[in-house]
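The values are calculated or read from the model by the stated rules, or taken from the named source; none is laboratory data. Computed from a predicted model, the values in this text were never measured in an experiment. As a convention, Cβ positions derive from the backbone with ideal geometry for all residues, glycine included, and neighbour counts pool all protein chains shown.
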Amino acid sequence: MGKLIRSMDWSQTPLGPVESWPQSLRTTVSLCLSSTFPILIAWGPEHVQIYNDSYRPICGAKHPQSMGQRFRECWASALPAVGGVFDRAQQGEGSYIENLRMFLDRYGYLEEAFMTFSFSPIRDESGKVGGLFHPITEVTDKMISARRTQALRSLSEQFGKTQTLQQVWDTTAKAYGEYELDLPFLLFYQLDAAGKQAHRVGAAGIALDTAAAPAVLGIDEQTAAWPLARMLQFRQIEQVDDLGERFDSLPCGPYPEAPTTALLIPITPPGMTFPLGFLVAGVSARRALDSTYRAFYELLETTFTTAVSNVRAYEQEQQRAAALAEIDRAKTAFFSNVSHEFRTPLTLMLGPLEDSLSSHSEPLTPSQRERQQLIHRNALRLLKLVNTLLDFSRLEAGRVKATYRATNLPKLTADVASAFRSAMEKAGLNYRVTVPDSLEPVYVDHDMWEKIVLNLISNAFKFTFHGEVEVKLTQLEGRVRLTVRDTGTGVPEAELPRLFERFHRVETTQGRTFEGTGIGLALIMELVKMHGGILGVQSVENRGSAFHVELPLGRAHLPQERVASEEGPSEPGTLSVSFVEEALRWLPEPAANEGPPTPGAAPLPSPLMAQGSRPRVLVADDNSDMRGYIRSLLDPTCVVETVQDGEAAYQAILDSPPDLVLSDVMMPRLDGFGLLQKVRENPKTQGVPLILLSARAGEEARIEGLQAGANDYLVKPFSARELLARIENAVRLARERSERERLARERGELEQQLIGIVSHDLRNPISAILMSTSFLFRMGTLEERAAKVVTRIQASAERAMRMIRDLLDFTQARLGGGLRIERRPAELQHIAWLAVEEVKLAHPERKVLFEAVGVQTGEWDDDRLFQLLTNLITNAVKYSPSSTSVTVRLTGTQTEAQIDVHNEGEPISQELQARLFMPMQQGGHGGDRAGRSIGLGLYIVSQIVRAHGGAINLLSTPEVGTTFTVRLPLRA
């Protein structure tokens, strides 16, 4: 600035020539120019301004004309903000102002800016105010950045409360005042499903009756208000700079000037390949669209995308919850209808059965009684399930009417719980029931309370194998608590929130049985709620669980019209019988007193029996009645062993593999599919036939079982004939397969022995021939004619030795699962050179070229690679004209080596290429040279490559000849 000041003619300004400036002005200007802080001096009555280098950026495009200009003239646009403090400074009163917002015309438009500055009076030699000292700092970036950050943060917080897309748009419109200085207007458009039109769903800061805010936009229309095609094509922010030309008037924003620029911002939530919609965001007329301003729009895009993603996820979750609720209602309605229809045939089954079992006039034979008791037990179990489903559907429909009576709850609870004592003792569990001697009467519905207690105890018994089960009733302040605690398998922490959901089952928890509908605890929850109580659980996996039921004392919390005045009986009903009988069936056979198997139908004729060989069949099912029934069917024809879960079945298979496994799909500890997987993965057991039994009907279930590796899939219910036929077929096929495998092994062993013997017997005489010919050559006394004969004999013997070697390699590859190799560090270039030299020695008239480039050091079997190379090079020589050359090229990388063997012979036909690497294949050209081969060379080459983990390819065309390419990894 000093240079500029010295170059100016100050005599043309109110200050006059520099020589006439007072010392006070000279001193102040000197101080100003030497300072690195932005400073301006306004001097004299006309307030002529002088400033330093640091002040220059504040002037913007006004510099250098602003130097020596009157302050009020230069900064007329700022006077509304600074005029007052400027005037006070002229009166001798200094002022300091922070972060003052003002509008400066320094780039040809009014620009929003923020300044921190002061005005201080400067005294001249007369002691009066000669000028003003004006240091200043621009803080525009800091203030606007903070404002924009706050606007985005506020929007994000408000978006966190939205649950629909429309709420996102409405929230943005309501918060317009928080961001209007940076976003003079916003339009929100949502694309239709076809992606052909965009519909306006919200707006802020702009009138809806203007051309800039149409209700519908055509995506491909050239006359559309906004150019959308490029923005949608590239899914990125698109800048539109011609708003003044596009729209005659655009009344919007906080300033008189209309925006001239807007940005089209696509909103593409994660998981979508096409934008859900887009924003049209105006750019402030009083701020330039620089990099920081554009970054704000990018953050705006992120904020809206996040908000849209969150509400879409919420809407999808709500839809999912509604769909699940509808499914639950449909399940309940279905079960209600089906259960209701079941009751009539069940009644007609149970009535005659009970009459028959209790009849003295027509007593049953032992076998008949056993069968009818089996039917009776399972009919009662089915009736219990039907009643549970009906109870649940009636609860949901609000048709259950409880009758609450004042009850001696300790006595009723103890009597109900005592029904399980025998089952607990047979299971080896310590069982404690603790109730207080006296307790004020508690209002409960007797049947409902009995169901609550029995369900909780049954649940504890089902999942407890060792330790104890405790039932405890205690009185607390204003309420009574029932606790059923066990030392069982517990519930995983992740499953606890869903434990009381309808139809939810904890699949990973081990129990005595896999059977169950998943509504027991949900039913208890509803029954407890009807009593105004709460149901809770504490559980630690593998340590046990404790279920708590708390009921308020008194009757004020109950619907008064359902409270009975008379006290109810304290004796339990008959419901406990079915619970206990079912629990006893979960115990292993000795504890459950399964006794002899249920008598089945008369044995069916079976070829297996006719052969005098009874197959061993292992039956795995967690239902003891099913195990007994299957045993009764199979005992006449099979040796039967039964277990109650997949783990026990797998251990039994390992101990002594059976001829067949018959497994239920749904079992505790390890289910049928898990058992099948373990059996198939173990080489010792993978051949054991396994038939799955399942209640899941349908073609998909059967296909799933067969794809998993099952030999057959049988759907319950099944007939005795069908079960026996499936077992007989599976055992027969398994035995036939076993016999075929035995014969194949014997044949393979015989072939190996035969070839070994033959090879040994052939090698001895051939070795003798080779030694003799070598001896004759070393003597050096052979005449020319005799030498030729000996040479021919030696070549034939060597060829015979190669054929024997190939035959042995072929046998090993075919019967032994591939050639055996011995890896060791090897130089491929050296091996290839030896092979080339040997072929040259055998064919001195042929030209064999050899080149090597790159890395050829690796871990290979060098003998086998020599055999591979010799074979390929010899073939290339045999099947090409003698006037042409054969090329052997080695190349390598850091991971693999490549061998190319090329000749210029006739191309190999496509038909022959397809089987060229199969055994006993011979070339189809080259005169009678093919006849001197047994057709194993290329097969053995392919086996050597395979043993090294490599690949071999062939390219053969009339134009370039034939090239065999081998790629070998440097290491295993």
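How many of the residues in the range 659-669 are over 15 Å from Phe718 (Cβ atoms), modelled with pLDDT of 85 or more and either among the aliphatic types (A, V, I, L, M) or assigned to a strand (DSSP E or B) (or both)? Before the answer, list the steps.
Kept after step one, since they are over 15 Å from Phe718 (Cβ atoms), are these residues of the range 659-669: 659-661, 666-669.
Now restrict to residues that are modelled with pLDDT of 85 or more: 659-661.
Narrowing the set further to residues that are either among the aliphatic types (A, V, I, L, M) or assigned to a strand (DSSP E or B) (or both) leaves 660-661.
Qualifying residue count, the range 659-669: 2.
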Close pairs from the range 104-117: first outside the structural domain of Asp290 (by TED's automatic domain parsing) and farther than 15 Å from Pro256 by Cβ, partner crowded, with 17+ Cβ neighbours inside 10 Å and basic (Lys, Arg), Cβ under 7 Å, at least 6 apart: Arg106/Lys62
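With the requirement that a residue be under 50 Å from the mean Cα position of the chain (by Cα), assigned to a strand (DSSP E or B) and over 19 Å from Glu827 (Cα atoms), what does the range 882-920 give you? Steps first, please.
In the first step, residues of the range 882-920 are kept if they are under 50 Å from the mean Cα position of the chain (by Cα); the result is 888-902, 908-920.
Of the ones still in play, those that are also assigned to a strand (DSSP E or B) are 888-892, 896-902.
The one that is under 50 Å from the mean Cα position of the chain (by Cα), assigned to a strand (DSSP E or B) and over 19 Å from Glu827 (Cα atoms): His902.
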Set Ala198, Ala229: member being free of Cβ contacts under 8 Å to residues at least 60 places away in the same chain and of a type in the set (Gly, Ala, Ser): Ala229
In the range 148-162, the residues that are touching a residue at least 40 places away in the same chain (Cβ under 8 Å) and of a type in the set (Val, Ile, Thr): Thr162
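For residues in the range 155-172 being β-branched (Val, Ile, Thr) and in a helix (DSSP H, G or I), which is surrounded by the fewest Cβ atoms within 10 Å (Cβ to Cβ)? Walk me through it before giving the result.
Kept after step one, since they are β-branched (Val, Ile, Thr), are these residues of the range 155-172: 162, 164, 168, 171-172.
Add one more test, that the residue is in a helix (DSSP H, G or I), and what stays is 168, 171-172.
On the way: Val168: 23, Thr171: 17, Thr172: 25.
Out of the qualifying residues, it is Thr171.
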Hits in the range 230-242 (condition: outside any loop (DSSP other than H, G, I, E, B) and either over 21 Å from Glu298 (Cβ atoms) or not aliphatic (A, V, I, L, M) (or both)): Arg230, Gln233, Phe234, Glu238, Gln239
Exclusive hit being farther than 30 Å from Leu104 by Cα, among the aromatic types (Phe, Trp, Tyr), at pLDDT below 90 and in a helix (DSSP H, G or I), set Phe304, Phe342, Phe274: Phe342
Selection count where residues are of a type in the set (S, T, N, Q) and either modelled with pLDDT under 85 or under 35 Å from the mean Cα position of the chain (by Cα) (or both), scope the range 260-271: 1
Options Glu245, Glu315, Glu257: the member that is of a type outside the set (Phe, Trp, Tyr), part of a helix (DSSP H, G or I), surrounded by fewer than 15 Cβ atoms within 10 Å (Cβ to Cβ) and more than 39 Å from the chain's Cα centre (by Cα): Glu245
Set Gly674, Gly705: member being in a helix (DSSP H, G or I) and either in contact with a Gly (Cβ under 7 Å, 6 or more places away or on another chain) or not assigned by TED's automatic domain parsing to the domain that holds Cys638 (or both): Gly674
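For the range 65-81, what are the residues that are in contact (Cβ under 8 Å) with a residue 24 or more places away in the chain and either basic (Lys, Arg) or part of a helix (DSSP H, G or I) (or both)? Break it down stepwise before answering.
Step one: filter the range 65-81 for residues in contact (Cβ under 8 Å) with a residue 24 or more places away in the chain, giving 67-68, 70-72, 74-78.
Arg70, Phe71, Arg72, Cys74, Ala76, Ser77, Ala78 - these are the residues of the range 65-81 that are in contact (Cβ under 8 Å) with a residue 24 or more places away in the chain and either basic (Lys, Arg) or part of a helix (DSSP H, G or I) (or both).
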Flag for Ser30 being assigned by TED's automatic domain parsing to the domain that holds Arg106, in contact with a Pro (Cβ under 9 Å, 6 or more places away or on another chain) and assigned to a helix (DSSP H, G or I): no
Criterion violated by Val433 - all others in (1) surrounded by fewer than 15 Cβ atoms within 10 Å (Cβ to Cβ); (2) under 22 Å from Gly533 (Cβ atoms); (3) free of Cβ contacts under 8 Å to residues at least 40 places away in the same chain; (4) out of contact with any Leu (no Cβ under 7 Å at 6 or more places or on another chain) satisfied: (1)
Residue that is farthest from Leu690 (Cα to Cα) [pool: residues in the range 620-642 that are surrounded by 24 or more Cβ atoms within 10 Å (Cβ to Cβ) and within 36 Å of the chain's Cα centre (by Cα)]: Asp621
Selection status of Val886, modelled with pLDDT under 90, in contact with a Ser or Thr (Cβ under 9 Å, 6 or more places away or on another chain) and surrounded by 14 or more Cβ atoms within 10 Å (Cβ to Cβ): no
Among (1) surrounded by fewer than 20 Cβ atoms within 10 Å (Cβ to Cβ); (2) out of contact with any Ser or Thr (no Cβ under 6 Å at 6 or more places or on another chain) - the single one Arg481 does not satisfy: (2)
Qualifying residue in the range 182-194 (condition: part of a helix (DSSP H, G or I), of a type outside the set (Asp, Glu) and either farther than 30 Å from Leu110 by Cα or out of contact with any Asp or Glu (no Cβ under 7 Å at 6 or more places or on another chain) (or both)): no
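For the range 67-75, check the following and say yes or no: at least one residue is within 14 Å of Phe133 (Cα to Cα) and touching a Phe, Trp or Tyr at 6+ places or on another chain (Cβ under 9 Å). Reasoning before the result, please.
Of all residues in the range 67-75, those within 14 Å of Phe133 (Cα to Cα) come to 71.
In the following step, the residues that additionally are touching a Phe, Trp or Tyr at 6+ places or on another chain (Cβ under 9 Å) were identified as 71.
Checked against the condition, which is being within 14 Å of Phe133 (Cα to Cα) and touching a Phe, Trp or Tyr at 6+ places or on another chain (Cβ under 9 Å), the range 67-75 yields at least one hit.
Evaluate the following for Ser145: is it part of a helix (DSSP H, G or I) and within 30 Å of Gln318 (Cα to Cα)? Even if it seems obvious, please write down each step before you answer.
Working: part of a helix (DSSP H, G or I): yes; within 30 Å of Gln318 (Cα to Cα): no.
Against the criterion (part of a helix (DSSP H, G or I) and within 30 Å of Gln318 (Cα to Cα)), Ser145 does not qualify.
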Filtered residues of the range 235-272 (kept if among the hydroxyl-bearing types (Ser, Thr, Tyr) and under 24 Å from Phe103 (Cβ atoms)): Ser249, Tyr255, Thr260, Thr261
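Looking only at strands (runs of 3 or more DSSP E) that fall completely inside the range 454-557, which ones have 1 or more residues that are more than 30 Å from Ala321 (Cα to Cα)? Lay out the reasoning, then the answer.
Numbers: elements: 468-476, 479-486, 534-540, 544-552.
By residue number, 468-476, 479-486, 544-552.
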Candidate set from the range 436-453 (those that are part of a strand (DSSP E or B) and among the aliphatic types (A, V, I, L, M)); member that is surrounded by the most Cβ atoms within 10 Å (Cβ to Cβ): Val444
Test: residue in the range 739-762 that is assigned to a helix (DSSP H, G or I), modelled with pLDDT of 70 or more and surrounded by 15 or more Cβ atoms within 10 Å (Cβ to Cβ): no
Those residues of the range 195-217 which are among the β-branched types (Val, Ile, Thr) and either in a strand (DSSP E or B) or at pLDDT 90 or above (or both), in sequence order: Val201, Ile206, Val216
Flag if Ala61 is in contact with a strand residue (DSSP E or B) (Cβ under 9 Å, 6 or more places away or on another chain), part of a helix (DSSP H, G or I) and either farther than 22 Å from Glu125 by Cα or not charged (D, E, K, R) (or both): no
Residue within the range 138-147 that is within 30 Å of Pro45 (Cβ to Cβ) and either in contact (Cβ under 8 Å) with a residue 24 or more places away in the chain or surrounded by fewer than 19 Cβ atoms within 10 Å (Cβ to Cβ) (or both) present: yes
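When you look at Glu440, is it charged (D, E, K, R) and without any contact (Cβ under 8 Å) to a residue 12 or more places away in the chain, yes or no?
On the way: charged (D, E, K, R): yes; without any contact (Cβ under 8 Å) to a residue 12 or more places away in the chain: no.
When the stated conditions are applied, Glu440 does not pass them.
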